[in-house]
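The values are calculated or read from the model by the stated rules, or taken from the named source; none is laboratory data. All of these numbers come straight from a predicted model, not from anything done at the bench. Every residue, glycine among them, receives a Cβ derived from its backbone with ideal geometry; neighbour counts consider all protein chains shown. What goes into the accessible areas is simple: the full protein's heavy atoms, side chains included, and nothing from ligands, DNA or RNA. Shrake-Rupley method; radii C 1.70, N 1.55, O 1.52, S 1.80 Å.
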Amino acid sequence: MIIFLIPDLIFQKPYRKLEIPSKYNPAQIEDRWYSYWMDNDYFSSKPDNRDPFTIVIPPPNVTGILHMGHMLNNTLQDVLIRKARLEGKNACWVPGTDHASIATEAKVVAKLAEEGISKSDISRDAFLEHAWEWTHNYGGVILEQLKKLGCSCDWDRTKFTMDADLSASVIKVFVDLYEKGLIYRGFRMVNWDPQAKTTLSDEEVIYEEKQGLLYYISYPIEGSDEQLTIATTRPETILGDTAICVHPDDTRFAHLKGKKALVPICNRAIPIIEDTYVDMEFGTGCLKVTPAHDLNDKEIGERHSLEFIDIFNDDATLNSHGLHYEGMDRFVVRKAIKKELEAEGLLVKTEDYVNKVGTSERTKAVIEPRLSEQWFLKMKELSKPAIQAVETKEIRLFPAKFENMYRHWMDNIRDWNISRQLWWGQRIPAYYYGKGSQTFVVAETIEEALEKARSASGNDGLQASDLRQDEDVVDTWFSSWLWPMSVFGGILEPDNEEITYYYPTSDLVTAPDIIFFWVARMIMAGYEYRNERPFSNVYFTGIVRDKQRRKMSKSLGNSPDALKLIEEFGADAVRVGLMLSAPAGNDLLFDEALCQQGKNFANKIWNAFRLVQGWEVNEGEPTPAAIQGLEWYEATFNDTLSRIEDHMSKYRISDALMAIYKLIWDDFCSWLLEIVKPVYQAPIDRNTRDKVLELFEQNLIILHPFMPFLSEAIWQYISERSPKDALIVASWPKPKKVNDQQLKDFGFASQVISGIRNIRKEKNIPNKEPLELHFIDKENSNISWDAVIKKLGNISAISKVASKVEGAISFRVKSNEYFIAAGDTVDVDSEIAKIEEELKYTKGFLNSVQKKLSNERFVANAPEQVVIMERKKAADAEAKIQTLMESLQRLKSI
């Protein structure tokens, strides 16, 4: 056994030499090693004595397929979970899907329509049979696709928000919140989605600026030739008008107090009322009041006891109140009613008008404000501990800029409309036992409901058949807000082993656009049902955009097929491409060139291993250059590892990967392997080779969370491993103390080597041609890297000199000056000609800059920064001229 100068370089590990394919084939590698991981149950987690590290997946819609947003989000989660596994933690990543009431019901309705079946023609039970059949046949595809990305979820734990236990958890929570007085039934103005035919919560409405028209319509005053002009963006709603409102201080309309106006087209008489809500400066100062179709109008209607006339069906066609427009779509009616008003001379004018229009987050349909009796959850009290949790950093948001957005929404939180007019989902556990909508009980089962109904009604003769369950289901988010608890049985069995071990979870990775839909609500539910946070850290990803900064979407055709990217570049390459451009919370400008960069990185690592594996080994002694290089790389590795840990602790995951990328590509491949590799066809000593492989293994460990397939494949090629020695369960290294001076010294030496290489390139000196190097040591550096400099620069001798070497080519590193004797290796006449040409150009450039600076008007009027830049150009040119003159003088003396 040969002993190196440092103890760490003593080895006894047996390395094997297996034939490795000449090219990296991701498809073969990925299928093989994912199967290996699955077969050996590495993703499985059960409570034990280790520290848990838990992530619950943001459940994608059961209808969904893998898109770029999923790729980004789940790659980030896999990076975190794989690193935790390497750190020896009990890593548990729970996968699952969301039943997505609106999206799934729409899919099933469309499927039935293709079969000639209308939802309205079949029973609820029959529809649910079709919905479950569709879910079993097509749902969950996305989870299989995540496996192609390399996601190391505990697939045995896969959950679905409509699973029996998760549904029972939802019902239990609904009943509990109702009994606490937090859930109530109310008649409110709600957001109606006429395409999905259901209400939506405020958070599910997206407001978009749209170009429209402002219509000025004349309303005749009853019993008079006078008319009032009203400005509205929605002329189709005039058939629901029940008043005209003016401001009590508006003297223009004081004479109309107590009079009535006639609604155009239907000629119904409506009162002219006064209310301070009216803005005298907007439009004409007169407001048409349509209490059934506008929230503000509703409040005016309630204050003045106005009639409420709903003119719309649930699909936003007009009902019988629409007269001859009955059955027509609202937007068709808008155009038709404009023509009718013009024909009657009641349309004064139209103006272009930009209006904020509410659209459904799911169906993109324009929302219709509608009066409806719905179920609501009081949010104010629930929000208080959730606000405090983020304020006190008990829950940390990354990036922190989202804290203000979170606080603003929570401070202005409104009651949550939790009922949906759908069949697919958890049915609201309210049972009506009498006439009307107010005689009901809320219970987890029909048996409990019957008992409560008998007690409430005093009628012991009531039977289960007399009860009628509410037709609506709860909002999908009302099931997913329980997700971190319900997947571990924490609602039904709050003291079970799994919930007490895995909860609170560790990290949540999600998109900022569901911070209110989901993140805030999970925090509220966590404190309500377990009195503790649901997770410690929330990492918000950015939105994936194309090179033109457009959000990726099917309609724009700018969203690449995620699986085709994996097929073309390999999963590891796609993961790297995503990560390198994914700073936390900032939008990701995706370009397939990034995937190519990831593929190039994979090939670089693969070929680096093939190089090392191809070396012939003997029992000789290590070279001085190898000893120095290996010591330096260990220090560099530990320095980089410390920076990686810092980046990861701050969720700068892109920065962590970039540090690994530079470490492996630059420091390991471009420097270390060049330092230690033997000369052509010569062997390498065993200890150097083994140490290189050990450092290669350390590289693979820190690379593994980002490029799991490639790293595991090479790990298994390096040495024969049992399943317990697989890379996926190796040990994450701990940073060791670093000798900063050693890093600094190598940095200096590397500049010397780069200077030598530049001269060889500029002067066309072959690398095989040995050179002598002389230097003036003004730095008093005492740096002893001669062995490495000689090896990488092909330097035959290095000597310190007191003065400049005549006839030599020079370069500087800091204040040290280095000289390479030209000798026969340089065409002196050619070099003199080149320098004279460059000297002529530089003098001309300096002359032009000096002319500009001598112009007093320029110096007086130009921005200060511009003048400073010009002076710097002059100084740089003067210094360059001095260097060129000295080089010219030395060459002429040869």
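I'd like to check which strands (runs of 3 or more DSSP E) are fully inside the range 795-894 and have at least 3 residues that are exposed (fewer than 14 other Cβ atoms within 10 Å of the Cβ).
795-800
Search the range 280-306 for residues that are among the polar types (S, T, N, Q) and pair each with any residue that is part of a helix (DSSP H, G or I) when their beta-carbon atoms are under 6 Å apart and the residues are at least 6 apart or on different chains.
What qualifies is THR290/THR237; THR290/GLY240; THR290/ASP297.
Can you name the number of the only condition in (1) open to solvent by less than 30 Å² (accessible area, probe 1.4 Å); (2) within 30 Å of TRP33 (Cβ to Cβ); (3) out of contact with any helix residue (DSSP H, G or I) (no Cβ under 8 Å at 6 or more places or on another chain); (4) not acidic (Asp, Glu) that ASN558 fails?
Single failed check for ASN558: (2).
Please work out which residue is farthest from the chain's Cα centre (by Cα), limiting yourself to the range 113-135 and to residues that are under 24 Å from PRO60 (Cβ atoms) and in contact (Cβ under 8 Å) with a residue 12 or more places away in the chain.
Filtering first and then ranking leaves PHE127.
Can you list the helices (runs of 4 or more DSSP H) lying wholly within the range 586-664 that have 3 or more residues being over 30 Å from ASP740 (Cβ atoms) and either modelled with pLDDT of 95 or more or open to solvent by 10 Å² or more (accessible area, probe 1.4 Å) (or both)?
Passing ranges, in order: 592-613.
Select from the range 471-487 the residues that are open to solvent by 10 Å² or more (accessible area, probe 1.4 Å) and of a type outside the set (Ser, Thr, Tyr) and write down the one among them that is farthest from the chain's Cα centre (by Cα).
Per the stated criteria, the residue is GLU471.
Return the residue satisfying two criteria in turn: it lies in the range 697-708 and is part of a helix (DSSP H, G or I) and under 19 Å from ALA84 (Cβ atoms), and of such residues it is most open to solvent (accessible area, probe 1.4 Å).
Out of the qualifying residues, it is GLN698.
Given the criteria open to solvent by less than 40 Å² (accessible area, probe 1.4 Å), part of a loop (DSSP other than H, G, I, E, B) and at pLDDT 90 or above, does ILE337 qualify?
no
So, in the range 56-101, how many residues would count as being more than 24 Å from ASP561 (Cβ to Cβ) and open to solvent by 10 Å² or more (accessible area, probe 1.4 Å)?
Of the residues in that region, 6 qualify.
Within the range 372-424, restricting attention to residues that are out of contact with any helix residue (DSSP H, G or I) (no Cβ under 8 Å at 6 or more places or on another chain) and part of a helix (DSSP H, G or I), which residue is nearest to PHE535 (Cα to Cα)?
The qualifying residue nearest to PHE535 (Cα to Cα) is GLN388.
Checking VAL390 against (1) buried (at least 19 other Cβ atoms within 10 Å of the Cβ); (2) closer than 27 Å to GLY240 by Cα: exactly one of these is not met. Which one?
The single condition VAL390 does not satisfy is (2).
Go through the residues of the range 760-772 one by one and say whether even a single one is in a strand (DSSP E or B) and under 19 Å from ASN794 (Cα atoms). It would help to see each step written out before you state the result.
Here is the first cut: in the range 760-772, the ones in a strand (DSSP E or B) are 771-772.
Within this subset, residues satisfying the condition of being under 19 Å from ASN794 (Cα atoms) are 771-772.
Yes.
Taking the options TYR539, TYR527, name whichever one is closer than 30 Å to PHE478 by Cα and either in contact with a His (Cβ under 7 Å, 6 or more places away or on another chain) or open to solvent by 10 Å² or more (accessible area, probe 1.4 Å) (or both).
TYR527
Check TYR207, TYR178, TYR138 and return the single one that is hydroxyl-bearing (Ser, Thr, Tyr), touching a residue at least 60 places away in the same chain (Cβ under 8 Å) and either open to solvent by less than 50 Å² (accessible area, probe 1.4 Å) or touching a Gly at 6+ places or on another chain (Cβ under 6 Å) (or both).
Values: TYR178 fails: either open to solvent by less than 50 Å² (accessible area, probe 1.4 Å) or touching a Gly at 6+ places or on another chain (Cβ under 6 Å) (or both); TYR138 fails: either open to solvent by less than 50 Å² (accessible area, probe 1.4 Å) or touching a Gly at 6+ places or on another chain (Cβ under 6 Å) (or both).
The match here is TYR207.
Checking VAL788 against (1) open to solvent by less than 80 Å² (accessible area, probe 1.4 Å); (2) more than 53 Å from the chain's Cα centre (by Cα): exactly one of these is not met. Which one?
That leaves (2) as the condition not met.
Going through the range 758-785 one residue at a time, which ones are loosely packed, with under 15 Cβ neighbours inside 10 Å, out of contact with any strand residue (DSSP E or B) (no Cβ under 9 Å at 6 or more places or on another chain) and under 24 Å from VAL676 (Cα atoms)?
Residues satisfying the conditions are LYS761, PRO766, ASN767, LYS768, GLU769, ASN782, SER784.
So which of ASN537, ASN531 is on the phi > 0 side of the Ramachandran plot and either out of contact with any helix residue (DSSP H, G or I) (no Cβ under 9 Å at 6 or more places or on another chain) or at pLDDT 95 or above (or both)?
Residue meeting the stated conditions: ASN531.
Just one of the numbered conditions (1) crowded, with 20+ Cβ neighbours inside 10 Å; (2) closer than 17 Å to PRO429 by Cα; (3) aliphatic (A, V, I, L, M) is not true of ALA196; which one?
Against the list (1) crowded, with 20+ Cβ neighbours inside 10 Å; (2) closer than 17 Å to PRO429 by Cα; (3) aliphatic (A, V, I, L, M), ALA196 comes up short only on (2).
Have a look at LYS435, LYS452 and point out the one that is assigned to a loop (DSSP other than H, G, I, E, B), open to solvent by 60 Å² or more (accessible area, probe 1.4 Å) and free of Cβ contacts under 8 Å to residues at least 60 places away in the same chain.
LYS435
Scan the range 169-210 residue by residue and report those that are over 21 Å from LEU492 (Cα atoms) and part of a loop (DSSP other than H, G, I, E, B).
Listed by number, the residues that qualify are PRO194, GLN195, ALA196, LYS197, SER201.
Any residue in the range 315-329 that is closer than 19 Å to THR242 by Cα sitting within a Cβ distance under 7 Å of a residue that is at pLDDT below 95 and of a type in the set (Phe, Trp, Tyr)? List the pairs, counting only those 6 or more apart or interchain.
LEU318/PHE312; LEU318/TYR325; ASN319/PHE312
If you take the residues of the range 561-584 that are assigned to a loop (DSSP other than H, G, I, E, B) and at pLDDT 85 or above, which of them is least open to solvent (accessible area, probe 1.4 Å)? Even if it seems obvious, please write down each step before you answer.
Step one: filter the range 561-584 for residues assigned to a loop (DSSP other than H, G, I, E, B), giving 561, 570, 581-584.
Cutting the leftovers down to at pLDDT 85 or above gives us 561, 570.
Values: ASP561: 81, GLY570: 3 Å².
Applying the filter and picking the extreme gives GLY570.
Scan (1) closer than 14 Å to VAL79 by Cβ; (2) under 17 Å from the mean Cα position of the chain (by Cα) for the single condition ASP587 breaks and write down its number.
Only one criterion in (1) closer than 14 Å to VAL79 by Cβ; (2) under 17 Å from the mean Cα position of the chain (by Cα) is unmet by ASP587, namely (1).
Being of a type in the set (Ser, Thr, Tyr) and under 30 Å from PHE517 (Cβ atoms) is the filter; apply it to the range 340-363 and report the residue that is most open to solvent (accessible area, probe 1.4 Å).
So the residue we want is THR363.
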